[in-house]
1. Given (1) within 12 Å of chain A (Cβ to nearest Cβ); (2) under 20 Å from B:R95 (Cα atoms), identify the lone condition not met by B:Y124.
2. Mind checking which residues of the stretch A:181-197 are under 10 Å from the mean Cα position of the chain (by Cα) and either in a strand (DSSP E or B) or surrounded by fewer than 20 Cβ atoms within 10 Å (Cβ to Cβ) (or both)?
3. State the number of residues belonging to the stretch A:141-166 that are over 15 Å from B:N111 (Cβ atoms), within 10 Å of chain B (Cβ to nearest Cβ) and not aliphatic (A, V, I, L, M).
4. Which residues, taken from the stretch B:175-194, are of a type in the set (D, E, K, R), in a helix (DSSP H, G or I) and either on the phi > 0 side of the Ramachandran plot or surrounded by 14 or more Cβ atoms within 10 Å (Cβ to Cβ) (or both)?
5. For the stretch B:130-150, how many residues meet the condition of being in a loop (DSSP other than H, G, I, E, B), aliphatic (A, V, I, L, M) and in contact with a Lys or Arg (Cβ under 9 Å, 6 or more places away or on another chain)?
6. Based on this model, can you work out whether B:L203 counts as assigned by TED's automatic domain parsing to the domain that holds B:V37 and over 28 Å from A:V162 (Cα atoms)?
7. Could you pull out the residue among A:N200, A:N206 that is more than 14 Å from chain B (Cβ to nearest Cβ) and either aromatic (F, W, Y) or assigned to a helix (DSSP H, G or I) (or both)?
Amino acid sequence: MNLSQATVARDDHYNFAYLDESTKRMLRRALLKAVAIPGYQVPFGSREMPLPYGWGTGGIQVTAAIIGAGDVLKVIDQGSDDTTNAINIRRFFARVTGVRTTESTREATIVQTRHRIPETPLREGQVMVYQVPIPEPLRWLEPSETETRTMHALAEYGGMHVKLYEDIAQHGHIATTYDYPVIVNGRYMMRPSPIPKFDNPKLDGNPALMLFGAGREKRVYAVPPYTRVKSLDFEDHPFRVEQWDHCCELCGSRQSYLDEIILDDQGTRRFVCSDTEYCTDRQAAGYAGPAAQEAA
Amino acid sequence: MNSQPLLSVRDMTCTWDGVHGCRDISFDLHPGEVLCVVGESGSGKSTLLQAVSWQARPESGSVWYDTRDRGFVDLASLSAAHLRLLARTDWGFVRQNARDGLRMQVSAGANIAERLMAVGQRHYGDLRRVAGSWLHKMEIDAGRLDDAPAAFSGGMQQRLQIARNLVTHPRMVFMDEPTASLDVSVQARLLDLLRQLVADLKLAAIVVTHDLAVARLLAHRTLVMRGGRVVESGLTDQILDDPQHPYTQLLVSSILQS
């Protein structure tokens, strides 16, 4: 199915998982601390990686630190397994570790992601690795790092509601749709990376371990399995996820997060699942959306 | 007047480099009392304000404050968390430039409601109602609740800043040259409003100013500072009408007479 995946072989010129052993140990130490204090941002010595900041250097370093020879890796970019970034990161790890890569969420032991949590429920023992651009949820509110750290230390999070207030005042509802701030384990405010707020409820009490890595900002943080994750809201404007009037054109799902795709210059559009693996699986199982039925 | 002071400053010295700052400051402030600190630029007025409000830590001496939960305590004995809570709820800070005290990228309503959200209020409708009523009190049209402060005039911004501070019903407000950047007619209106608020809400205030007219209109008592020290203090009328210290005499005589 995926040609590049099949052809890449382990390149012995690189240490296992690209980073040297002491760097991986440093990262694992930071990750242990992150797991011990859910939602707390732990600094680490971010390394130069063979791709630019903003392309997932944080996530790649976290994956490199935890991956073992027996792991099976899946990489998602915008919910899709076959975009440039996803393919390249998957091939990178195939080359520097020789581990098996997959597109199946069920098979994978490590899922590195940008923008989405798979629709397929995760299970115990799996690890989600998120690529985080800006880890500090309070940054827009307060530009000073010493000040934001003090605010975290004293759990002074009231100011975050100013943003939600402003949304309701301007749009009539909470218009923040991605990177929607959450409180982890009743204590630390956390940015869940740019996932849509549709995925926020999946973070709450999830059986999988969630690790977040920000390469440029040099921070890791974590949500351990079965941890409470609460999205911010107002009493009279409770947290709500996105909803669509459409179902997926390809697989007919009404439960998944839909991407709006513009098909031509006339503005013809189509809604399809953002999670390509989930959509393909459903189609293989015989489900069909309006577009697929027309074609048949 | 209540016999128990709200704030008590004793022999406080706070300098930036061992030389500049304020020295040996002592005064009491009672609930509902307005104290003006006047003096020329560099006389230590603003340092005094920062030290009393614990934004800069004094080198020696003490500042006592009558907290709502623990009674009369030395600010040095409070934890950082407690001090920040005090500054957010029981105190207000009005800065000379409204842009320094406001959050310019969010609406007027959000600016007023911020402190309420910071102390845990989570009902949008209630927050909005309170913000609207404060805008009304500040003589700003309630229809401007969703406008950004940048769209407001200087005087309105200053009033908005005051509303933002008073929304948690503080008992003490620190003001640093609140009227200095406004033109004269707007100044008069703001002073009028301030005088009314201070009386209605029984606010204690420390107002730093170099404008003796502000002291005359607002303050019950006045401290005159020069070279980091208080050279004269007393009732405002007494100081302005019968100045004793040569420097105060100079200050008073330099007011333009109409």
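The values are calculated or read from the model by the stated rules, or taken from the named source; none is laboratory data. Predicted model, so just to flag it, every value in this text is computed and none were measured. Backbone-built Cβ (ideal geometry, glycine too); neighbour counts: all protein chains shown.
1. Of (1) within 12 Å of chain A (Cβ to nearest Cβ); (2) under 20 Å from B:R95 (Cα atoms), only one is false for B:Y124: (2).
2. In the first step, residues of the stretch A:181-197 are kept if they are under 10 Å from the mean Cα position of the chain (by Cα); the result is A:192-196.
Scanning the stretch A:181-197 gives A:P194, A:P196.
3. 3
4. Going residue by residue through the stretch B:175-194, those that are of a type in the set (D, E, K, R) are B:176-177, B:183, B:189, B:192.
Going one step further and asking which of them are in a helix (DSSP H, G or I), we end up with B:189, B:192.
The one that is of a type in the set (D, E, K, R), in a helix (DSSP H, G or I) and either on the phi > 0 side of the Ramachandran plot or surrounded by 14 or more Cβ atoms within 10 Å (Cβ to Cβ) (or both): B:R189.
5. Of the residues in the stretch B:130-150, the ones in a loop (DSSP other than H, G, I, E, B) are B:138-141, B:145-148.
Applying the additional criterion that residues be aliphatic (A, V, I, L, M) yields B:138, B:140, B:145, B:148.
Within this subset, residues satisfying the condition of being in contact with a Lys or Arg (Cβ under 9 Å, 6 or more places away or on another chain) are B:138, B:140, B:145.
Here the count works out to 3.
6. no
7. Result of the check over A:N200, A:N206: A:N200.
Condition check ((1) outside the structural domain of B:S254 (by TED's automatic domain parsing); (2) closer than 23 Å to A:A155 by Cβ; (3) hydrophobic (A, V, I, L, M, F, W, C); (4) under 14 Å from the mean Cα position of the chain (by Cα)) across all residues:
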residue	(1), (2), (3), (4)
B:S8	no, no, no, no
B:D17	no, no, no, no
B:C22	no, no, yes, no
B:L29	no, no, yes, yes
B:L35	no, no, yes, yes
B:S60	no, no, no, no
B:N97	yes, no, no, yes
